[in-house]
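Q: Sharing a structure with you now.
Derivation of every value follows stated rules applied to the coordinates shown; laboratory data play no part. A quick note: this is a predicted structure, and the numbers were derived from the prediction, not measured. Cβ: placed from backbone, ideal geometry, glycine included. Neighbour counts: every protein chain shown.
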Amino acid sequence: MTAIEPVRHSPHVMVHFCSPDRRYEPLQPIRIQYQIELSAGSTVQAIERSILWYTEGKGEEDLGVHAFERITDGATIAAAAGAGAFESHLPPSPLSYEGLIVKVRWCVRVRLFFEGGRDFVSEHVFDLGTVPAALSRAVP
């Protein structure tokens, strides 16, 4: 008889924003609550919680970290690995933008580090500011 290995599932991170439509104005506070579902036997060694922006599109991609916290204390990890919350006041810029060549995206990132060097990243996008999306050019 052969032993059956348990199927390992990826963690699942659910994020709840204080603004249901995920839209924020510059300098407004943002409050995040999250819940993490782990597969049986998973041991979290560290948790990183951050608020950041990044660009997508042509050219080099940029990234800026607005808020960052790394939790490594065992007791704090045990509490935060099931559910947690964090908050920050958003900066005045850069604003979210949906351009034809470049896009600016804001997100909340929860990153889990496990025994054995494995990690898992969960990103949840939100909008900062109200900049209209770029209009596509009509092709003649």
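Q: Semi-axes of the equivalent ellipsoid of the stretch 12-128: what are they in whole Å, largest first, if each equals the square root of 5 times a C-alpha gyration tensor eigenvalue?
A: On the way: eigenvalues 149, 54, 28 Å².
After diagonalising the Cα gyration tensor, the semi-axes are 27, 16, 12 Å.
Q: Normalised by the number of residues in the chain, what is the relative contact order in percent for Cα pairs under 8 Å and 6+ residues apart?
A: Working: 275 pairs, mean separation 40.1, N = 140.
About 29 percent, as a whole number.
Q: Another question about this same structure. Using the Karplus equation 6.51 cos²θ - 1.76 cosθ + 1.60 (θ = phi - 60°), what ³J(HN,Hα) coupling, rounded to whole Hz, does each residue of the stretch 25-42 give in order, writing x for Gly and Pro?
A: Once θ is set to phi - 60°, the couplings for the stretch 25-42 become 9, x, 6, 6, x, 10, 10, 10, 10, 9, 10, 10, 10, 9, 6, 4, x, 6 Hz.
Q: Name the trypsin sites (Lys or Arg not before Pro) in the stretch 52-140 that are in a loop by DSSP and that have at most 14 other C-beta atoms within 10 Å, would you?
A: Answer in residue order: K58, R118, R137.
Q: Test of the criteria: in the stretch 1-92, which GluC sites (Glu not before Pro) are in a DSSP loop and have at most 11 other Cβ atoms within 10 angstrom of their Cβ?
A: E60, E61
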